[in-house]
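Data first, discussion second: the structure below is written as structure tokens.
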Amino acid sequence: MLRLLTISALLSIALCLVETEFDFGGSDEERIVSQLREQEFSEEEIQQLLQEDDEDRQELMEEMEEEEYVPWDVAKGYDECEEFMYWRTKSGKKDWKEEDWTDRRKEYEIDNEIKDDDTVDQYKYDGSNESPKNGERGSYHGRHGSNRSKGGKRKNCGAKPKPLDQICAEIECAPAEKLDISGCGFEARRVFAAKWVVTPIDTSDMRRGYQDAFWRLFKYINGANEDGVRIDMTVPVINKWWYDDSAEVTGGQMAFYIPSVHQDAPPAPTNSEVTVEQWDEAVVYDRAFGGNRRDADYYKKQFVYLWQALAKVGINPFPGMSITAGYTRPGWGRQRNEVMYVDDGSM
């Protein structure tokens, strides 16, 4: 799975954060083959990438069949703030109470779908509602968020993020530890010092700049380095955005953690716009979400929620930078995307 995710999912993970529908295989195969040729990949390399991609999708299908139910707080890594819950915001009630469940669930036609004590499923399904295509499986639920299959077995809502520990059991994650900081609506982590491979994103033409940044990193892990070695992918794919005092984006950077086997002596990039950086230890705060969300407004809302959740407990993150992080292949299985702020003391 490590190698397969390296070559087949990185473009999907990267491009899903710039409001574009993309999947390496399926209907996009012709387009990606054309792009690989433009990037001067050989026909042999292209066929190898497509074959590995097909194997990757088969593995993901098998994982989707075997997936076990997990509660929302476990999936996200934290308890949600009441004011951010869908039922509270949709109804507009400021004195939302648990007993309001009965009337609300009847209104949304989900009676008999949620147990009386199943309080973690008060979130609306907000993943893609499009019909499955190109052999993809649809979401586990209809638009109202049913959490049961026809056989009565509880399933995970399509908008529920994949738990981080499950992801890190399948692919190498950047080393970090969860911090015991009380609060709702966010998780705190200490990300340990390590080397990352990075490249700038030209924000004057965001879509083009994003694609160019991706191809530079993609070539690096596929042998565009002084050792000529292919490097296994890690997660998350990190995107840093810097802002001025007017909240205008002034710069961007795409990065991924260099796997542990190469940490001591990372292969030097052959492209001058790709560099290996030593990042210091830092404390970050994140909000996680699932579903195939690509729209900028949804990301902005999650950043607002994160800022508000931190303010509730008196935490002041660094205001000049935000981070988006992708962990999973869009369109296949449960997703995990995160928005992050860095603690002001780590800057």
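Here is how the numbers come out for the structure above:
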item: Residue count for region 64-84, restricted to those that are surrounded by 16 or more Cβ atoms within 10 Å (Cβ to Cβ) and modelled with pLDDT under 85; result: 0
item: Flag for residue 182 being open to solvent by 30 Å² or more (accessible area, probe 1.4 Å), of a type in the set (Ser, Thr, Tyr) and part of a loop (DSSP other than H, G, I, E, B); result: yes
item: Failed item in (1) within 18 Å of residue 239 (Cβ to Cβ); (2) in contact with a Pro (Cβ under 9 Å, 6 or more places away or on another chain), with residue 260 passing the rest; result: (1)
item: Qualifying positions in region 163-196 - touching a helix residue (DSSP H, G or I) at 6+ places or on another chain (Cβ under 7 Å) and of a type in the set (D, E, K, R); result: 172
item: Close pairs from region 211-224: first under 19 Å from residue 240 (Cα atoms), partner polar (S, T, N, Q), Cβ under 6 Å, at least 6 apart; result: 213/199; 215/39; 216/199; 216/271; 217/199
item: Strands (runs of 3 or more DSSP E) contained in region 252-347 and holding at least 1 residues open to solvent by 20 Å² or more (accessible area, probe 1.4 Å) and in contact (Cβ under 8 Å) with a residue 24 or more places away in the chain; result: 275-279, 282-289, 337-342
item: Leading residue by the ranking (modelled with the highest pLDDT) among those in region 136-175 that are hydrophobic (A, V, I, L, M, F, W, C) and touching a Leu at 6+ places or on another chain (Cβ under 9 Å); result: 173
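The values are calculated or read from the model by the stated rules, or taken from the named source; none is laboratory data. It should be emphasised that the depicted structure is a prediction, and the values quoted were computed from it without experimental measurement. Using ideal geometry, Cβ is built from the backbone for each residue, glycine included, and neighbour counts are taken over all protein chains shown. Calculation scope for accessible area: heavy atoms of the full protein, side chains included, ligands and nucleic acids excluded. Shrake-Rupley method; radii C 1.70, N 1.55, O 1.52, S 1.80 Å.
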